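Everything on this sheet refers to the single structure shown next.
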Amino acid sequence: MYGFSYVGKNMLTTKTSFTFEGSMRYADGFNQKQQWFVRPSIDYQFAKKFVGSIGFTQYKTYVYGEVPLNKIDSPESHVWIQGTYTHTSGNFKFVHRLRDENRFVGIAIKDPVTNEYEIDRYDYRNRVRYMFLANYAITKENEKTKLFGVVGDEAFLNIGANAGKTLFNQNRIIAGLGYNFNPHHQVQLNYIHQQIWNFGNTIQETNPTVRLTYVTNLDFYKK
């Protein structure tokens, strides 16, 4: 699978920022659309190492794969809050991110008249995501990191009354390289090994994905 992402962080004040993230993923090379999402958020830097965020995500997951999990293209909306803690040690930068997602998942049913599937309702589900990333500076220029390596993992945990029988919803192992063109523009090429569990506590889907990400970090305030 292949994915393309954009992440833009836009500073509004010295502590407040607006972040916009968008992504498109493909299955079977580029023959099938897998999923797209857009994710705006407002972020506030409470301390030098800690940022809190509140945001919204809109997804659309397509019918894909030899044995599709979805009967029709399925929408999903999230309202979420998260905290991100970042610290450094030598040439390493460590990122810890915890996100609580309030999910509204489109549920498909078959119309008995037309015999076609349609979205009947939106079910509420709650999920917590914890991500750990380690960045290592491979090359530097004027004490600023240029080329860096990335390795990490993100676990998705179902919680609450509608969590079902499985604790793990997804797990993603992440590894790759990134390059800082300057303080405002960055590109990353990562390999992501995604596994999805169903309600029977069995791995229902494994998606090895190569993802290209373009990152911007811009200031829109007068210093």
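The values are calculated or read from the model by the stated rules, or taken from the named source; none is laboratory data. In this text, all values refer to a predicted model and were calculated from it rather than measured experimentally. No Cβ is skipped: glycine too gets one built from the backbone with ideal geometry, and neighbour counts run over all protein chains shown. Heads up: the accessible areas ignore ligands, DNA and RNA and are worked out on the full protein's heavy atoms, side chains in. Shrake-Rupley method; radii C 1.70, N 1.55, O 1.52, S 1.80 Å.
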List the pairs whose first member sits in the stretch 92-120 and is of a type in the set (V, I, T), whose second member is surrounded by 14 or more Cβ atoms within 10 Å (Cβ to Cβ) and assigned to a strand (DSSP E or B), and whose Cβ atoms are under 6 Å apart, counting only residues at least 6 apart or on separate chains? V95/T86; V95/L133; V105/E76; V105/R125; I119/G106; I119/A108
Do we find a residue being under 25 Å from R25 (Cβ atoms), buried (at least 17 other Cβ atoms within 10 Å of the Cβ), of a type in the set (S, T, Y) and touching a Pro at 6+ places or on another chain (Cβ under 8 Å) anywhere in the stretch 51-60? yes
Could you please let me know if A27 is among the hydrophobic types (A, V, I, L, M, F, W, C) and within 20 Å of T213 (Cα to Cα)? yes
Among residues belonging to the stretch 141-184 that are open to solvent by less than 30 Å² (accessible area, probe 1.4 Å) and among the aromatic types (F, W, Y), point out the one that is farthest from Q82 (Cα to Cα). F148
Which of the residues that make up the stretch 122-158 are β-branched (V, I, T) and closer than 24 Å to L189 by Cβ? I138, T139, T145, V150, V151
Only residues that are touching a His at 6+ places or on another chain (Cβ under 6 Å) and basic (K, R): list them for the stretch 90-140, please. R103
For the stretch 82-111, name all the residues that are in contact with a Leu (Cβ under 7 Å, 6 or more places away or on another chain) and under 24 Å from R125 (Cα atoms). Q82, G83
Could you check the stretch 6-27 and list, in sequence order, the residues that are under 13 Å from S53 (Cα atoms), within 14 Å of the chain's Cα centre (by Cα) and open to solvent by less than 20 Å² (accessible area, probe 1.4 Å)? none
